[in-house]
Amino acid sequence: MATSTDGIHFTRFDQNPVISPTLPNEMLGTEDPRLFLLNGTYYTFYTGNGPSGIGINEATSKDLIHWDKITSPVVNGTKNGAVVTDTTGTPVLIGGEYLIFFLYSSPDMVSWKLKGPIVLGYGEGGEPDEVCVAITNYPRKDGTIGTDIVLFTAGRMFVTGTWAYAISEQLWSRDDPLSQLDSLPYPVLVPTEEYELVGATPVTVFMNSLLYNGKEYMMHYGAADTVIALATWTP
């Protein structure tokens, strides 16, 4: 864990790690955490990587330091732990339930069931590999509030004559979360910097968070599976 008051300068916690591999499906690692706060409880959904494959594991905490794990994967066979939230990272009820894309539902953020299969796709421009973030109730550039669900996805896309692992966006219906309304055929963030091009996984960017601080959106993203970087956008 690391903390920051401005989203730019971070201090590592001196008692790291706060979550270590202890469950059978975590023996090869605990990875890609997503963090949410709801009614005074922190929830993290992270990838459990084990000999039999991957799954979404979940843990809860009151202080971000001491975590209680749910003893089995809440979703098997995927690392897509994108809970639908508002732009502060607070999970939002959609039709009386919380949603993870793609696509599981829960009445309580703990017990999850399959809501229905959905089909992602960039058309001929590539194929999403993971759902990174899902947001609703977001300020738009025209001053209105968007209420459908924006998915930020990451995957291989053909960009300027070559393939890259990049970030793009899709729009899904809030009234019918199984229905895709639109999909960008191009990325919104492409590996261009040296730290995005060279590393453990070259030519790669992906994200696990997007927050709005009242002035700008702050996207913290992984670069080349080696460092954490920041991108911003002002509506």
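Take Thr41, Thr11, Thr160 and sort them by solvent-accessible surface of the protein heavy atoms, 1.4 Å probe, largest at the top.
On the way: Thr41 25, Thr11 90, Thr160 135 Å².
Order by accessible area, largest first: Thr160, Thr11, Thr41.
Most tightly packed first, judged by the mean number of other beta-carbon atoms within 10 Å of their residues, the peptides 60-68, 215-223 read 215-223, 60-68. Think of the chain as having a plus end and a minus end, set by charges on the Cβ of Lys, Arg, Asp and Glu; of Tyr186, Ser209, Leu230, Ser209 sits farthest toward the positive end of this dipole.
Ellipsoid fit via the Cα gyration tensor, the range 1-45: semi-axes of 22, 16, 9 Å, each the root of five times an eigenvalue, largest first. Taking the accessible area of the chain, probe 1.4 Å, and keeping the other protein chains in place, the carbon and sulfur fraction comes to 54%. Scattering from the chain was approximated by placing one identical point on each alpha carbon and applying the Debye formula without solvent; log10 I(q)/I(0) at 0.15 1/Å stands at -1.12.
Heavy-atom accessible area for Ser173, with the other protein chains in place and a 1.4 Å probe, reaches approximately 20 Å².
In Å², and per residue, what accessible area does the chain have when probed at 1.4 Å with the other protein chains present? Provide the component values of the computation, followed by the final result.
Values: 11950 Å² over 235 residues.
Result: 51 Å² of accessible area for each residue.
Scalar couplings 3J(HN,Hα) for the range 219-235, obtained by applying the Karplus form with A = 6.51, B = -1.76, C = 1.60 to θ = phi - 60°, are 9, 8, 9, x, 10, 6, 6, 10, 9, 9, 10, 10, 10, 10, 8, 9, x Hz; x denotes Gly and Pro. Amide H contacts for Thr153 (H built 1.01 Å from N in the peptide plane; partners 5 or more residues away or on another chain; cut-off under 5 Å): Cys132, Ser168, Glu169, Gln170.
Per the Cα gyration tensor, the range 1-132 maps to an equivalent ellipsoid with semi-axes of 24, 19, 17 Å, ordered largest to smallest. Here the range 104-235 is assigned +1 on the Cβ of each Lys and Arg and -1 on the Cβ of each Asp and Glu. Its dipole about the Cα centre then comes out at about 280 debye.
When the surface is traced with a 1.4 Å probe over the full set of protein chains, Leu197 keeps roughly 60 Å² accessible.
Select from the range 107-176 those trypsin sites (Lys or Arg not before Pro) which occupy a DSSP coil region and have at most 11 other Cβ atoms within 10 Å, ordered by residue number. Don't skip to the end; give the middle numbers.
Numbers: sites: Lys113, Lys115, Arg140, Lys141, Arg156, Arg174; in loops: Lys115, Arg140, Lys141, Arg174.
In loop regions of the range 107-176 (DSSP not H, G, I, E or B), the sparsely surrounded trypsin sites (Lys or Arg not before Pro) are Arg140, Lys141.
The values are calculated or read from the model by the stated rules, or taken from the named source; none is laboratory data. None of the values given here were measured: they were computed from a predicted structure. Note that we place each Cβ from the backbone using ideal geometry, even for glycine, and neighbour counts take in every protein chain shown. Ligands, DNA and RNA are excluded from the accessible area calculation, which covers all protein heavy atoms including side chains. Shrake-Rupley method; radii C 1.70, N 1.55, O 1.52, S 1.80 Å.
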